[in-house]
Amino acid sequence: QDFYNAVKISCQAVIDYAGRFSELSKEMSLAEKDPMRKAELNEISRICSKVPAKPANTFHEALQSIYFFHLALNSSMSQLSLGRLDQVLQPYYKKENHEKQQELFECFLIKCAERLILDSNTFVKQDHLDFGSNLLTIPVPLDQWSESNEFLQNIIIGGQTRDGKNAVNDCTYLILKAFQKTKLYTPTLNARIYKEQLDGG
């Protein structure tokens with residue numbers, strides 16, 4: 001019972017965290033003069049007031065919901081993979097909104113990589129630790145998570161579906177293109193190869 005109560009409290013904390021972003025973006029929209037930016041801030045407010053408390057209905061909502069919980073898990077030392085995002089996001093994908101969805105996923109990758117250290121001198125300068133040492137002992141070295149900087153945020157694409165069919169879909173190519181354009185070290189990308197692809201099928 002204590003465990004399930006803790007889960008409820010933790011989930012509500014993530015919902016409350018999202019709600020603060022909703023309030024902030026709404027507040028910012030009131031002072032914004034640019035109509036396009038004002039509309040964007042209002043949309044952000046709407047989405048953050050909806051997810052992750054309620055199910056997502058759009059690509060943008062789904063991506064935001066995933067990020068909120070991914071952030072919560074990684075911030076609490078539960079480093080879980082982002083998983084098969086092409087399978088998760090495909091039900092929300094709309095061909096007519098491809099360019100916007102492409103941009104959103106690129107922003108998602110950039111956000112996941114915001115702790116990325118590009119200067120090797122920063123490792124020692126930051127907390128006086130050797131490169132890649134003292135992992136899992138204090139929170140700061142998590143920003144140094146091994147020499148690859150990947151923080152275990154791997155994304156998996158391709159493979160096969162539960163019923164044994166080729167799992168490559170529109171979001172598979174969207175994700176590949178996003179990685180190609182952003183050229184970031186993290187999250188890492190892993191591709192599963194469907195057996196018939198190897199056989200030439």
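No value in this document is a laboratory result; all are computed from the given coordinates. Everything quoted here is computed from the prediction, not taken from an experiment. Neighbour counts are summed over all protein chains in view; Cβ atoms, including those assigned to glycine, are modelled from backbone coordinates with ideal geometry.
If you average the alpha carbon positions of the stretch 9-38 and of the stretch 153-194, how far apart do those two centres end up, in angstrom?
30 Å
Which of the peptides 6-19, 100-113, 58-71 is most tightly packed, and how do the rest follow, judged by the mean count of other Cβ atoms within 10 Å per residue? Don't skip to the end; give the middle numbers.
Values: 6-19: 13.0, 100-113: 17.4, 58-71: 19.4.
Highest mean packing first, the order is 58-71, 100-113, 6-19.
May I ask you to order 156-165, 27-36 by the average number of other C-beta atoms within 10 Å around their residues, highest value first?
Numbers: 156-165: 14.0, 27-36: 10.9.
Going by the mean number of other Cβ atoms within 10 Å, highest first, we get 156-165, 27-36.
Which lysines does LYS50 reach when only Cα atoms under 26 Å apart count, and residues fewer than 8 places away in its own chain are ignored?
LYS8, LYS26, LYS33, LYS38, LYS94, LYS95, LYS100, LYS111
Based solely on C-alpha atoms, express the radius of gyration and the Dmax of the stretch 1-110 in angstrom.
When restricted to the Cα atoms of the stretch 1-110, Rg and Dmax are 15.3, 50 Å.
Show which lysines lie in cross-link reach of LYS195 when reach means a straight Cα distance below 26 angstrom and same-chain residues fewer than eight apart are skipped.
Candidates past the 8-residue exclusion: LYS165, LYS177.
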